[in-house]
Amino acid sequence: MVVKETNIRKMNTLTDISFTSQIRGIDLSFNTTWGLFSPKNIDSGTRLLIDCLEINSDDICLDLGCGYGAVGISMAKCASPSEVYMVDKDFVAVDYARKNIENNKLENCHVYLSNGFSHVPDIKFDIIASNLPANVGNELIRIFFNDAKRFLNENGKLYVVTIAGLKEFIKRNFISTFGNYKKVKQRKTHTVSMAMLS
């Protein structure tokens, strides 16, 4: 039994992945593991989203579906908002997000295990950002948008990055939910869209 526990510990250390990435001119370090989205580097969609975010220093931000924390940690480190909240439904992702907050010496980040907005603190956000997976289904995306609307401050912004093929679906649902839509940036494979609560 003890031998098996030692082997498990060794295997867990071998499966940890570490990398650094420069985001908006700042070096950030990340620890991840297999099974999390894009474990060896920050994927091009997430990087595009981070580059498009317009954040003021007093904004309260939410990284919805944070994974190991690339978006939330970038918001906290690069844009210096007052508070960043990060949520994910995967406890492994939440654990790595917490480690990465510590690794990057951040004190203005909070991470919660939450299926969408189910365990998000009862506060209003100025910015909500998410790299929406293509395979979550249309109904869940609509639920996320409606929940985001309830959690945004007036003039708060919801930014999402999706595969380019979902651009029209996002546009229709942003207009239906928020009454507005802005295509912030489009590349060949990804689109960053934004809606504002007014």
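Identify the single condition in (1) touching a residue at least 40 places away in the same chain (Cβ under 8 Å); (2) within 13 Å of the chain's Cα centre (by Cα) that residue 157 does not satisfy, given that it satisfies every other one.
(2)
Scan segment 174-198 and report the pairs whose first residue is surrounded by fewer than 18 Cβ atoms within 10 Å (Cβ to Cβ) and whose second residue is at pLDDT below 95, with Cβ atoms within less than 6 Å and a gap of 6+ or a chain change.
The qualifying pairs are 189/164.
Any chance you could count how many residues in segment 72-90 are crowded, with 24+ Cβ neighbours inside 10 Å and either over 20 Å from residue 144 (Cα atoms) or in contact with a Ser or Thr (Cβ under 6 Å, 6 or more places away or on another chain) (or both)?
Of the residues in segment 72-90, 5 are crowded, with 24+ Cβ neighbours inside 10 Å and either over 20 Å from residue 144 (Cα atoms) or in contact with a Ser or Thr (Cβ under 6 Å, 6 or more places away or on another chain) (or both).
Can you tell me which of (1) over 30 Å from residue 98 (Cα atoms); (2) in contact with a Ser or Thr (Cβ under 8 Å, 6 or more places away or on another chain); (3) β-branched (Val, Ile, Thr) is the one residue 177 doesn't meet?
(2)
Take the residues in segment 30-55 that are surrounded by fewer than 14 Cβ atoms within 10 Å (Cβ to Cβ) and in contact with a Ser or Thr (Cβ under 9 Å, 6 or more places away or on another chain); name whichever of them is modelled with the lowest pLDDT.
Looking at residues that are surrounded by fewer than 14 Cβ atoms within 10 Å (Cβ to Cβ) and in contact with a Ser or Thr (Cβ under 9 Å, 6 or more places away or on another chain), I get 35.
Among the residues of segment 111-121, is any hydroxyl-bearing (Ser, Thr, Tyr) and in contact (Cβ under 8 Å) with a residue 24 or more places away in the chain?
yes
Quick one: which strands (runs of 3 or more DSSP E) lie wholly within segment 76-166 and hold at least 3 residues that are over 24 Å from residue 56 (Cβ atoms) and at pLDDT 95 or above?
Working: elements: 83-88, 109-113, 125-131, 152-163.
Answer list for segment 76-166: none.
Does segment 47-58 contain at least one residue that is farther than 25 Å from residue 182 by Cα and not in a loop (DSSP other than H, G, I, E, B)?
Start the filter on segment 47-58 by keeping residues that are farther than 25 Å from residue 182 by Cα, which leaves none.
The answer is no, given that none of the residues of segment 47-58 is farther than 25 Å from residue 182 by Cα and not in a loop (DSSP other than H, G, I, E, B).
List the residue pairs whose Cβ atoms are under 8 Å apart, where the first residue sits in segment 29-47 and is more than 13 Å from residue 19 (Cβ to Cβ), the second is of a type in the set (Ser, Thr, Tyr) and crowded, with 19+ Cβ neighbours inside 10 Å, and the two are 6 or more positions apart or on different chains.
Final answer for the pair search is 45/162.
The values are calculated or read from the model by the stated rules, or taken from the named source; none is laboratory data. Since the structure is predicted, the reported quantities are computational estimates derived from the model, not experimental observations. Note that we place each Cβ from the backbone using ideal geometry, even for glycine, and neighbour counts take in every protein chain shown.
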